[in-house]
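Novice: Before I ask anything, here is the structure I am working with.
The values are calculated or read from the model by the stated rules, or taken from the named source; none is laboratory data. Computed from a predicted structure; not experimentally measured. Cβ: placed from backbone, ideal geometry, glycine included. Neighbour counts: every protein chain shown. Each accessible area value is taken on the protein alone, full model and side chains, heavy atoms only, with ligands, DNA and RNA left out. Shrake-Rupley method; radii C 1.70, N 1.55, O 1.52, S 1.80 Å.
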Amino acid sequence: MPCRNVSWVAGLVCAFIMMLGPMGQTVDKMRNPATVTQEEMLSEAWTPISAPNTEMVSQFALKHFVHQSLSLSAGEKEIIKKRKPIILKALKRLNIMTNLDWVPHIALLGSGGGQRAAVSLLGSLYQMEKEGLLDTVLYLGGVSGSAWSMTSLYSDPQWSANIDRAVSRLSGPWVGLEEAFTWLTKRSEEEHFSLSDIGGVTTSAVIMKQLNNQSLSKDGIKATNPYPIYNTVDKNCLKYGPEKGRWFEITPHEAGFTDLGLFINTTHLNSRSQGIDNVWLQGVVGSAIADESTLKDYFPDWLKGVAGIVATDENNLLDLIILWTEVPKQVNNFWTVLDLYMRGCHSLLTLTEMIKKITKDPAVLSVLDNMQETLKEHLNYNPTAWFRSKSRKERKLVLEQWRLKMLEPLKKWTQSLDEGPFKDNVSWLTEKVFPLIGKWKWGTTKNFLHQYPDAVVPSCIRLEKHLQLIDAGSMLSMPYPPFLGEKRDADLLIALDYTSYHPFTTLTLARDYAAKMKKPFPEIDDKILQEKDWPKDCYVFEGKDNQPTIVYMPLFNRRNCKDAEDLKAKMEEFTSFQLPYNQKKIEFLLETAKANIKNNKATLALEMYKATVRRYYKR
């Protein structure tokens, strides 16, 4: 049976070929007026006001559980209070003498970087526990790949003492394809099913190797672990909205916009009765491809080739993506769209040829042959002659007919399958998943600030019914924002950089962000930036007054790379966009991350001591 016993990768490739389904469809569907509720009508008729109205804001906040504050939530305060005695004991074991009032606020920051970051963070945490450093950490913040590991770790309330278990899981088997399909089928029946659910299942099953659907809940958070802060950005504001409307933090107690100071109880963030589960959260925090520019800028050359262009071509890969994901209702620049459509056919032809090289299943090969024949027919059309005399409506109709014709082989194959789970899974893909690809919707959740009557909320948030929460790495691939300023009053930030960028990139981007938002940030000597091609394994940027000190540690450095060329080669070997790592690569990353912590224990302990002194003078 086609695809029944294939690997995860082959299964995903099999799914990708069926992404042709939504091509040519309009994105938005007209609502039946009879199904619109009175509440929705009132909501849509409510004109946003340009200035705050205290009474209206109060009523809205009460109804939607929104609260505006730049202070910690009561729940976070309670966990921090319980965590500090544990930190105090850990500091004393390091011969750092202090008392509860002077316990420093230390945050460990894990960067983005896909599986490279997910694996490396576990290696770093493992070694910090072995060196007696982990229990000094008050907060753990993560972006993208690092946040993948965090969601997996916090499924165990005692993970700090069981870090070996989390590391050993990386050597285990993947979750089965059938189990994943079963989980997704159930999830697809819910209101806000999005591509983030699919991405979350893939990450959980293939990278973290456990399909854990426990909820992110305040009840499961223990003071024995650092307090977690997951980070995303709102795609609606990412491109055109103000900076303050972008960064979105999620904690076990509240979730909201860091720089707006507007939050909601985390259990109310989406409509699911169980709240936010870890699989969905992994899909949201690691959805780098949700930002179309990421596809254009960071996809490897072989994927750019599939898209119908060469890596050095400045033509629009982004335009092609937009065509695949959002065919406009009215085709104003029809010839451009038609050109992109033809390039899309070429791309799918390339992809089918690639799949034919890795499968021997006769049924799959037959489907691919039929699809290639149809695609070749379309590539041989003369668009100018075919569409010269046709109206806009007729042109769109032709595109829809082409789409249906290309789908015929797939439909026949689906109908030929034996009744059973596999056929159900294929039908589910075509009915539930491909429309989501057509809309390119990620991290969809009900917008608790929709029509919020306060001018502080930018229109890119206030006018949207749904938030689109995506990978924070699209803005800044290190979770600095929640830890800068008075709210968490951080004394020391340990920044573990696992990104594929040049070293210091996340640091300078954070400096620029802090300057725009008028947040405290230590001075960075630009001379140090000249070492980006072959950096040291540890840098200390000392804060003054209310600035936090930053210990910056790049994964690959001059201690584990013999020269700049060796470092560049390692970066390329462990690039973010590639198939899942084999066991050899996983072990290499774990050992590299462990060594970085071990080699710099003295520096870390010294900065922890200095942070204690600074905390004393702050009091």
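Novice: Starting from region 575-593, take each residue that is on the phi < 0 side of the Ramachandran plot and list its partners that are at pLDDT 95 or above and not in a helix (DSSP H, G or I), counting only C-beta distances under 7 angstrom and pairs at least six apart or across chains.
Specialist: 592/555; 592/560; 593/555
Novice: Would you point out the residue of region 268-288, among those that are in contact with a strand residue (DSSP E or B) (Cβ under 8 Å, 6 or more places away or on another chain) and in a helix (DSSP H, G or I), that is modelled with the lowest pLDDT?
Specialist: Taking the candidates together, the pick is 288.
Novice: Return the residue satisfying two criteria in turn: it lies in region 493-549 and is in contact with a Pro (Cβ under 6 Å, 6 or more places away or on another chain) and part of a strand (DSSP E or B), and of such residues it is surrounded by the fewest Cβ atoms within 10 Å (Cβ to Cβ).
Specialist: 541
Novice: Which residues, counting only those in region 582-617, are of a type in the set (A, V, I, L, M) and open to solvent by less than 30 Å² (accessible area, probe 1.4 Å)?
Specialist: First pass over region 582-617, keeping only residues of a type in the set (A, V, I, L, M): 586, 589-590, 593, 595, 597, 602, 604-606, 608, 611, 613.
Answer for region 582-617, where residues must be of a type in the set (A, V, I, L, M) and open to solvent by less than 30 Å² (accessible area, probe 1.4 Å): 586, 589, 590, 593, 597, 604, 605, 608, 611.
Novice: Looking at region 253-267, which of the residues that are of a type in the set (Val, Ile, Thr) and open to solvent by less than 10 Å² (accessible area, probe 1.4 Å) is modelled with the highest pLDDT?
Specialist: Just the residues of region 253-267 that are of a type in the set (Val, Ile, Thr), to begin with: 258, 264, 266-267.
Going one step further and asking which of them are open to solvent by less than 10 Å² (accessible area, probe 1.4 Å), we end up with 264, 266.
On the way: 264: 92, 266: 89.
So the residue we want is 264.
Novice: Another question, then. Kindly indicate whether any position in region 217-231 is open to solvent by less than 10 Å² (accessible area, probe 1.4 Å) and under 13 Å from the mean Cα position of the chain (by Cα).
Specialist: Residues of region 217-231 that are open to solvent by less than 10 Å² (accessible area, probe 1.4 Å), as a first pass: 225-231.
Next, from what is left, pick out any that are under 13 Å from the mean Cα position of the chain (by Cα): 230-231.
Within region 217-231, one or more residues are open to solvent by less than 10 Å² (accessible area, probe 1.4 Å) and under 13 Å from the mean Cα position of the chain (by Cα).
Novice: Would you check which residues across region 84-117 are among the aliphatic types (A, V, I, L, M) and in a loop (DSSP other than H, G, I, E, B) and list them?
Specialist: Within region 84-117, the first condition is being among the aliphatic types (A, V, I, L, M), and the residues that meet it are 86-88, 90-91, 94, 96-97, 100, 103, 106-109, 117.
Residues satisfying the conditions are 94, 96, 97, 103.
Novice: While we're looking at this one, here's another question. Looking at region 136-162, which of the residues that are of a type in the set (Gly, Ala, Ser) and buried (at least 24 other Cβ atoms within 10 Å of the Cβ) is nearest to residue 491 (Cα to Cα)?
Specialist: Filtering region 136-162 for residues of a type in the set (Gly, Ala, Ser) gives 141-142, 144-147, 149, 152, 155, 160-161.
Checking the rest, the ones that are also buried (at least 24 other Cβ atoms within 10 Å of the Cβ) come to 141-142, 144-147, 149, 152.
Numbers: 141: 15, 142: 18, 144: 24, 145: 25, 146: 22, 147: 22, 149: 25, 152: 27 Å.
Checking each candidate, the answer is 141.
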